[in-house]
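K.L.:
This is the structure I want to talk about, given as structure tokens.
Derivation of every value follows stated rules applied to the coordinates shown; laboratory data play no part. Since we're looking at a predicted model, the values are computed, not measured. For neighbour counting, all protein chains shown are included, and Cβ atoms are generated from backbone atoms with ideal geometry for every residue, glycine included.
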Amino acid sequence: MSTYTALVFGALVILGAIIAYLGDVTGAWLGKRRSSVFGLRPRQSARLVAAVIGALLPLLGLMVATIGSGYARIAVFELRQLLQRQEDLQARISDLQSEVTRLDREAAGAGRRADTAEHRAQELEGLREDAERRVGELTERRDELAGRVDTLIRRRGQLEVDLEAAQSDLNAARADLDASEQELNVTQEELDRKRREVEAKRHEVETISHHLEMVSRDLERAQRHLEPTIEHLEATTAELEAREQELASIEQRLEQAWRQQRLIAERPALYEPGEELIRVVLAADETQDQMESDLYELLHLASAAAKRRGVPEGANGRAVVAVAPIPDWAPAEEVPEGMIVRYVASELREGGAEEWVVTVRAFRRLFPGEETQLAVGFRAAPNRLVFSEGEVLDEFLISSGVSSLQAFETLWLRITNPKESRVRARAISEGMLPHPETGSYGSIDLAELFNAAEAIRAGEGMMRVRVMAAGDTYTRGPLLLDLEVSAAPEPP
């Protein structure tokens, strides 16, 4: 029960007693004087006064409640508006939760499209490699045909040169024949010889012409074979360029998606999942309404903490909204906040512990600039005694031959290093909560650390160091530590 409620109940009791006393005194005074009110008999007048005084009691209680409490004034005069606003806010929350669900589905669809694009990019990469192999083969074939064409062209040129030489020889032979025929003193044998030479030259010219025609036909055939190969090569090259452009476009989209994912991953967040906003201890003997009121007050405190980091207010007037995945219920985004608060309050009252350490923690990551509330959830743990005062949490030996700085560093690491601190390990195993700001388990004054380091240096031989709880420590914490330095016992 809150202090204000106790004061209101006390004031109502005192005022009721005073009014009842005044009513009794007034009735007795009217009875003694035999006075009459509104012409009634004295006894009836006394009863009328007592009835009027009794009627004033609830009116006075309601008036005191409305004057002293804004909540009571709202409950009396603005209840209908509050109920209507609650319905509107519940509808707005449902719309926002539906929008979040839709955005999650779109994000999942975008991930699937990214996977499809990556698979398509892999297929295109394989097609590009195949096309490149085909281009290489066609290029080799083209080079081979081009070599044959060059060889045939050179052969044709050589044959043309030979033809021209043969024709020159033929012309020279004909000229000699004509000259020989014109000469009267040329014998018939020489004339026949000249004729045979001319015939041989003509035959040689025909042979060379025949070879030239064959080379020309081979050249035309090679050119006809080369043209479709070149066309196929050009088509394949164009297809390869189109595939490379498509692959470059897909790679650009993938690069943009990966860059966006890296920006999201590297972007500093206002809150990380599980980050604690507020921590309080609640008694389990409260009524359901009191427990729910305390939980709503926790949400208001968490909202104030979130506002200081720049989280905007939502439709419920707070920067936070409670969500929680509760077994056998709908998903967290579809559970109304009021239902969550009632469920948590009921669990705390029936959980079996006398006190609970209740924390409000971020449910999901929130980035700067997001115009949305911070989703939070409740965490509760029984506030029980974890360590008693003087309980030894860690004990170890250290040589007195080390310097003060080395001893200080050893003590400091032994207490604070997450990998070496047995105090941290024991606190975690006992279910103790860490410090809400530093996240550490166990704290000690630096002056005490320096004193312990000096005591170690001033000792002789091996020194025993005990790390103890400075006081009774509960689940809520914090865990304060003391150090005890003494000479190590001699081995038996």
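K.L.:
For residue 189, what is the net charge nearby, where nearby means another residue's Cβ is under 11 Å from its Cβ and Lys, Arg count +1, Asp, Glu -1? Before the final figure, lay out the partial values.
P.N.:
Numbers: positive: 193, 194, 195, 196; negative: 190, 192.
So the surrounding residues net to +2.
K.L.:
Could you tell me whether region 80-170 comes out rounded, prolate or oblate from its Cα gyration tensor? Rule is a ≥ b ≥ c as square roots of the eigenvalues, rounded for a/c under 1.5, then prolate if a/b exceeds b/c, otherwise oblate.
P.N.:
Values: a/c = 22.17, a/b = 6.53, b/c = 3.40.
Prolate shape, in that a/c is at least 1.5 and a/b is the bigger ratio.
K.L.:
Given R₀ = 51 Å, what would the calculated FRET efficiency be for residue 256 paired with residue 307, taking r from the Cβ atoms and rounding to 0.05? Present the calculation step by step, with values, prior to reporting the outcome.
P.N.:
Working: r = 35 Å, r/R0 = 0.68.
Efficiency, rounded to the nearest 0.05: 0.90.
K.L.:
What percent does the relative contact order of region 114-266 come to when contacts are Cα pairs within less than 8 Å and at least six residues apart? Please report the intermediate quantities before stating the final value.
P.N.:
Details: 70 pairs, mean separation 72.3, N = 153.
Computed value for region 114-266: 47 percent relative contact order.
K.L.:
Starting from the Cα of residue 399, move 7 Å in the Cα-to-Cβ direction to define the label point; list residues of region 446-463 whose amide nitrogen is under 11 Å from there.
P.N.:
Output list for this probe position: 461-462.
K.L.:
Separate question: When DSSP assigns beta bridges and you keep just the ones with both residues in the chain, what percent turn out antiparallel, to the nearest 5?
P.N.:
Details: 31 of 35 bridges.
Here the share of antiparallel DSSP bridges comes out near 90 percent.
K.L.:
I want to check the label-to-label distance for residue 448 and residue 29. Put each point 7 Å from Cα in the C-beta direction and report it in nm to one decimal.
P.N.:
Each label point lies 7 Å from its Cα, and together they span 6.8 nm.
K.L.:
Would you calculate a helix-derived [θ] at 222 nm for the chain, using -39,500 (n - 2.57) for each DSSP H run of n ≥ 4 and dividing by the full residue count, to the nearest 500? Could the numbers behind the result be given before it?
P.N.:
Numbers: 10 runs with 318 residues, N = 492.
That calculation yields -23500 deg cm²/dmol at 222 nm.
K.L.:
Can you tell me which of 471-478, 216-223 comes out highest on packing, and rank the rest after it, using the mean Cβ neighbours within 10 Å?
P.N.:
Working: 471-478: 17.6, 216-223: 13.6.
Highest mean packing first, the order is 471-478, 216-223.
K.L.:
A further question on this structure: Once the Cα atoms of helix 3-33 and of the chain are each reduced to a long axis, what angle between those two axes, in degrees from 0 to 90 to the nearest 10, is obtained?
P.N.:
30
K.L.:
What's the magnitude of the charge dipole for the chain around its Cα centre, counting Lys and Arg as +1 and Asp and Glu as -1 at the beta-carbon? Answer in Debye, nearest 20.
P.N.:
Numbers: 60 positive and 84 negative charges, 1003 e Å.
Approximately 4820 debye in magnitude.
K.L.:
What is the distance, in nm, between label points placed 7 Å from the Cα along the Cα-to-Cβ direction at residue 87 and at residue 392?
P.N.:
Here the answer is 6.9 nm between the modelled labels.
K.L.:
On to the next question. In percent, how large is the relative contact order of the chain, given Cα pairs closer than 8 Å and 6 or more residues apart? Walk me through the numbers on the way to the answer.
P.N.:
Values: 545 pairs, mean separation 53.7, N = 492.
Once divided by the residue count of the chain, the mean separation gives 11 percent.
K.L.:
Now, a different point. In units of 2.2 N^0.38 Å, what is the alpha-carbon radius of gyration of the chain? Could you put the intermediate results ahead of the total?
P.N.:
On the way: Rg = 52.3 Å, N = 492, 2.2 N^0.38 = 23.2 Å.
Cα-based Rg divided by the globular estimate yields 2.26.
K.L.:
If each residue of separation counts as 0.36 nm, what is the full-extension length gain between residue 80 and residue 230 once their alpha-carbon separation is subtracted? Please report the intermediate quantities before stating the final value.
P.N.:
Details: separation 150, 0.36 × 150 = 54.00 nm, distance 8.61 nm.
Gain in length upon complete extension: 45.4 nm.
K.L.:
Expressed as an acute angle from 0 to 90° and rounded to the nearest 10, what is the orientation of the C-alpha long axis of helix 188-266 relative to the principal long axis of the chain?
P.N.:
The helix 188-266 is inclined about 0 degrees to the chain.
K.L.:
Another question, if that's okay. Which of rounded, prolate or oblate describes region 387-487 when judged by the alpha-carbon gyration tensor and an a/c cut-off of 1.5?
P.N.:
On the way: a/c = 2.19, a/b = 1.90, b/c = 1.15.
Judged from the Cα gyration tensor, region 387-487 comes out prolate (a/c at least 1.5, a/b above b/c).
K.L.:
Pop the C-beta distance of residue 13 and residue 104 into the FRET formula with R0 = 45 Å and round what comes out to the nearest 0.05.
P.N.:
Numbers: r = 55 Å, r/R0 = 1.23.
After rounding to 0.05, the efficiency reads 0.25.
K.L.:
While we're on this one: Along the charge dipole of the chain, Cβ charges K/R +1 and D/E -1, which of 252, 29, 90 sits furthest on the positive end?
P.N.:
29
K.L.:
Of the peptides 393-400, 356-363, how do they stack up when ordered by the mean number of other Cβ atoms within 10 Å, highest first? It would help to have the intermediate numbers written out before the result.
P.N.:
Details: 393-400: 16.2, 356-363: 22.1.
Ranked from most to least packed, the peptides come out as 356-363, 393-400.
K.L.:
Summing +1 for each Lys or Arg and -1 for each Asp or Glu, what net charge is found among the other residues whose Cβ lies under 12 Å from the Cβ of residue 443? List each step's numbers first, then the result.
P.N.:
Working: positive: 424; negative: 437, 445, 448, 482.
Surrounding charge for residue 443 is -3.
K.L.:
Return one number: the angle in degrees, 0 to 90 and rounded to the nearest 10, between the long axis of the Cα atoms of helix 337-350 and the longest principal axis of the Cα atoms of the chain.
P.N.:
Its long axis makes an angle of about 60 degrees.
K.L.:
OK, next. Counting Lys and Arg as +1 and Asp and Glu as -1, what is the net charge of the other residues whose Cβ lies under 14 Å from the Cβ of residue 250? Show your work: numbers first, answer last.
P.N.:
On the way: positive: 113, 120, 128, 243, 253; negative: 115, 118, 123, 125, 244, 246, 251, 255.
With Lys, Arg at +1 and Asp, Glu at -1, the net is -3.
K.L.:
Please compute the length gained on full extension between residue 484 and residue 429, using 0.36 nm multiplied by the number of residues separating them and subtracting their Cα-Cα distance. Let's see the in-between values first.
P.N.:
Values: separation 55, 0.36 × 55 = 19.80 nm, distance 2.36 nm.
Length difference between fully extended and current span is 17.4 nm.
K.L.:
To continue, here is another question. If you take the square roots of the eigenvalues of the alpha-carbon gyration tensor of region 114-266 and sort them as a ≥ b ≥ c, do you get rounded (a/c under 1.5), prolate (a/b over b/c) or oblate? The partial results should precede the final answer.
P.N.:
Details: a/c = 8.84, a/b = 6.49, b/c = 1.36.
Prolate is the answer for region 114-266, as a/c is 1.5 or above and a/b outweighs b/c.
K.L.:
Determine the dipole magnitude for region 362-476: charges of +1 sit on the beta-carbon of Lys and Arg, -1 on that of Asp and Glu, nothing else is charged, the reference point is the Cα centre, and the result goes in debye to the nearest 20.
P.N.:
Values: 13 positive and 15 negative charges, 89 e Å.
My answer is approximately 420 debye.
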